[in-house]
Amino acid sequence: MSAETKSPRFDPTDPIFRWVSFGAATLLLVVLGGLIASLVYGGWPALSTFGLEFFLKFKDCPAGHGGHFCIDTPWNPVTDVYSATAPIVGTIVSSFLALLFALPIAIGVAVFLTQFCPRALAQPLSTAVELLAGIPSIVYGMWGLFVFAPWFAKTIQMPLMVAASQDPTSWGAKLVAGIPNGANLFTASIILAIMVLPYMASVFRELFRSIPAQVREAAFGVGATPFEVTTSVIIPYVKQGMIGVIMLGLGRALGETMAVTFIIGNSHRFPKSLFDSSSTIASTIANEFAEATSDLHTSALVALGLILFLITFTVLAIARWLLSTQRY
Amino acid sequence: MDRALRRKLANYVFIGLCVIGTAIALGALALILWSLFSQGIGGMNPKIFTMDTPAAGSEGGLRNAIVGSILMCGVGMIIAVVVGILAGTWLAEIGGDTTYGHIVRFLNDVLLSAPSILIGLFVYELLVFKSNPLSLGHFSGWAGAISLAILATPIVTRTTEDILNLQPNALREAGMALGASQFTTIRSIIWKAAGSGLLTGGLLGFARISGETAPLLFTALGNQFYNGNLSQPMASLPVTMFNFALTPYEDLNKLAWAGALLVAVAVLGVNILGRWLAREKNAGH
């Protein structure tokens with residue numbers, strides 16, 4: 001009779017194991033919850049002090065200004081007044097520029113590796129691209145600081161500014177105005193682009209490879225050229241997944257700290273031109289947090305972190321949702 | 001123009017653009033690797049491993065930073081592997097199909113790609129900031145290790161779940177048929193069969209955290225002196241690189257490049273090892 005009530009399979013370690021592993025899974029949620037709670041708690045003093053002005057603060061327009069309103073972007077540890085507008089704008093603009101540069105090249109690399117590359121070369125090249133995706137971002141940042149920024153200032157920025165000085169009022173001159181030291185919004189975006197490029201290229205390649213061979217062969221079978229197969233069959237087939245990957249890349253670029261901090265110039269105002277210094281949320285936190293002067297300064301930085309979290313969380317959630325519903 | 005010719009031309013232009021794009025990408029990355037190796041090897045010498053970080057103008061190495069990085073990554077990885085394998089096993093074998101399981105999986109993915117600097121802020125508020133009963137009240141190696149653990153755990157969880165899902169159900173049925181309990185089946189059959197895959201997950205997590213700078217900036221902070229005590233501020237390679245790269249002193253910049261080379265070689269080595277293990281396993285099937 002006891003065999004029925006007590007199955008031979010019963011093992012007292014089973015429920016313990018279930019609870020322990022359940023606890024580990026729950027710990028992940030606790031960490032994420034704690035992360036959000038700590039950002040809200042730490043950022044609250046700044047948010048309640050400045051209210052909506054933390055996000056958008058108006059000021060009196062200077063005389064002779066044609067616009068209807070002017071936005072103030074204070075970030076002043078001396079007077080303890082902070083506004084997040086400039087870092088938010090810097091974060092979004094640099095990330096979008098980076099994606100703009102990286103996206104066509106990443107698609108090109110993925111198409112080349114899946115379609116045109118000689119077989120003997122495709123595997124090593126793909127592995128190389130994947131390995132490069134793992135290089136720590138501080139290495140990209142150092143390269144930007146020591147190699148790319150000086151080169152850019154000397155061979156691109158200076159000649160452009162000299163050319164623009166012929167006609168200082170043209171839009172071209174306004175676009176390239178700035179301090180010619182190579183540390184600006186544009187170079188930071190290029191470094192960001194180089195950093196997200198291997199990641200995006202390798203995920204695009206995975207996505208293209210996931211397409212059933214019959215689909216591709218059918219298109220070739222009716223006489224389509226590789227260009228037509230790519231644009232009318234492959235890309236539409238994985239369109240949703242590609243948008244997901246783009247959003248993942250965007251999420252990376254938005255939150256990237258080290259590749260940007262070295263080279264964006266770190267000034268808390270709206271970038272007035274493409275070659276003007278700027279700042280991102282992550283670079284501001286990295287630069288100032290350990291040396292924050294007042295409690296309100298620390299709190300303003302944590303509140304910036306909260307904004308960054310909300311932006312990246314939204315982007316990543318959309319990305320995951322798109323990728324999980326992609327048909328294969 | 002003839003239609004066939006036009007299609008052919010468009011195709012050639014397209015192939016050309018793809019080749020150019022690949023050349024630009026690989027060229028840029030090759031330039032970075034070239035700088036890394038040429039500058040890094042220039043700064044490489046035995047003193048890197050035997051002397052601590054110097055003040056500008058005096059001789060020194062990176063010993064304290066290397067030891068700090070190894071200690072914090074090591075402690076972080078131990079936590080990440082234990083929590084990650086258990087959580088991944090729960091998702092794959094026990095509760096992954098429940099609503100709660102779906103939530104855990106989704107939020108794990110979010111945590112996986114959350115900006116690492118926010119993890120640093122969180123751990124600062126939790127373990128460094130004074131007004132908190134849990135807090136140590138000062139910068140410490142523990143805080144750095146916990147930050148790294150939080151970064152690596154989602155990776156280990158994810159790979160563990162993926163690897164366990166690849167194990168054939170016949171293995172689980174075989175365990176049950178022998179009358180083994182679920183825990184015994186998982187421990188002695190599933191985990192064993194997935195062994196090298198689990199190791200790969202751990203290695204990928206390790207590769208990710210060993211170059212992380214942002215979460216250490218205001219948790220472990222850094223330390224000019226040799227310190228093996230995790231409850232004190234601790235130097236790490238990435239933070240030392242960050243600080244030294246931003247100084248105007250050439251000798252410190254050189255040390256930063258040497259550190260960058262060390263970190264990059266470690267990350268690449270661990271990644272290659274992980275891939276090789278994963279491939280060995282696949283070849284064995």
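The values are calculated or read from the model by the stated rules, or taken from the named source; none is laboratory data. All values derive from a computational prediction rather than experimental measurement. Virtual Cβ from ideal backbone geometry, glycine too; neighbours counted across all protein chains shown. For the accessible areas, the whole protein counts, side chains as well, though only heavy atoms, and no ligand, DNA or RNA atoms are used. Shrake-Rupley method; radii C 1.70, N 1.55, O 1.52, S 1.80 Å.
Structure above, values below:
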{"read-out": "Region B:1-74: translational diffusion in µm²/s, Stokes-Einstein, Kirkwood Rh over Cα pairs, 25 °C, 0.890 mPa s", "value": "146 µm²/s"}
{"read-out": "Computed label-point distance, nm, for sites B:Glu173 and B:Tyr12 using a 7 Å Cα→Cβ extension", "value": "5.9 nm"}
{"read-out": "A:Cys61/A:Val81 FRET efficiency (R0 22 Å; Cβ-Cβ; nearest 0.05)", "value": "0.70"}
{"read-out": "Distance in nm between pseudo-label sites at A:Trp171 and A:Ile318 (7 Å out along the Cβ direction from Cα)", "value": "2.7 nm"}
{"read-out": "Whole-Hz ³J(HN,Hα) from phi, Karplus 6.51 cos²θ - 1.76 cosθ + 1.60, for region A:270-282, glycine and proline x", "value": "5, x, 8, 8, 5, 9, 8, 6, 8, 8, 10, 4, 5"}
{"read-out": "Where chain A is the region considered: accessible area per residue in Å², 1.4 Å probe", "value": "45 Å²"}
{"read-out": "Region B:157-285: C-alpha pair distances exceeding 18 Å, %", "value": "66 percent"}
{"read-out": "Signed unit charges on C-beta, dipole axis of region B:46-283, positive-most listed residue B:Leu148, B:Ile190, B:Pro115", "value": "B:Ile190"}
{"read-out": "MRE, 222 nm, helices only [DSSP H, n ≥ 4, -39500 (n - 2.57), over chain A, to nearest 500]", "value": "-20000 deg cm²/dmol"}
{"read-out": "Pairwise label distance in nanometres, A:Glu53 with B:Leu166, each label 7 Å out on the Cα-Cβ vector", "value": "5.8 nm"}
{"read-out": "Projected-area average for region A:173-328 over all orientations - Cα convex hull basis, square nanometres", "value": "12.0 nm²"}
{"read-out": "List of region B:83-100 residues, accessible area with partners at least 40 Å² below that of the chain alone (1.4 Å probe)", "value": "B:Val83, B:Leu86, B:Trp90, B:Ile94, B:Tyr100"}
{"read-out": "Span from the region A:60-133 Cα centroid across to the region A:271-304 one, whole angstrom", "value": "17 Å"}
{"read-out": "Sites A:Arg209 and A:Trp44, calculated FRET efficiency, Cβ-Cβ separation with R0 41 Å, nearest 0.05", "value": "0.30"}
{"read-out": "Relative contact order %, region B:9-89, counting alpha carbon pairs below 8 Å whose residues are six or more apart", "value": "14 percent"}
{"read-out": "Cα-derived Rg to Rh of region B:1-154, Kirkwood definition", "value": "1.19"}
{"read-out": "Coordinate range along principal axes, alpha carbons of the protein assembly as shown, Å, largest first", "value": "98, 77, 57"}
{"read-out": "Ratio Rg/Rh, restricted to region B:99-203 and using Cα atoms, in which Rh is the Kirkwood radius", "value": "1.13"}
{"read-out": "List of region A:222-256 residues, accessible area with partners at least 30 Å² below that of the chain alone (1.4 Å probe)", "value": "A:Thr225, A:Phe227, A:Glu228"}
{"read-out": "Long-range amide H partners of A:Val81 with built H, under 5 Å", "value": "A:Asn76"}
{"read-out": "Centroid-to-centroid separation of region B:51-94 and region A:136-206 [C-alpha atoms, Å]", "value": "33 Å"}
{"read-out": "Solution diffusion estimate, µm²/s, Stokes-Einstein, chain A, Kirkwood Rh from C-alpha pairs, 4 °C, viscosity 1.567 mPa s", "value": "56 µm²/s"}
{"read-out": "Helical segments meeting 30 Å axial Cα length and Kyte-Doolittle 0.5 threshold in chain B (DSSP H)", "value": "B:3-42, B:63-89, B:141-166, B:250-284"}
{"read-out": "Cα-only Debye scattering, chain B: base-10 log of I(q)/I(0) at q = 0.10 Å⁻¹", "value": "-0.69"}
{"read-out": "Accessible area that becomes buried as B packs against A, both chains, 1.4 Å probe, Å², nearest 100", "value": "7000 Å²"}
{"read-out": "Taking the C-alpha atoms of region A:260-319, convex hull volume expressed per residue in Å³", "value": "103 Å³"}
{"read-out": "Cα lying deepest toward the dipole's positive end in chain B, options B:Gly269, B:Thr213, B:Gly61, charges on Cβ", "value": "B:Gly269"}
{"read-out": "R0 of 41 Å, Cβ-Cβ distance B:Tyr100-B:Ser188: FRET efficiency to nearest 0.05", "value": "0.90"}
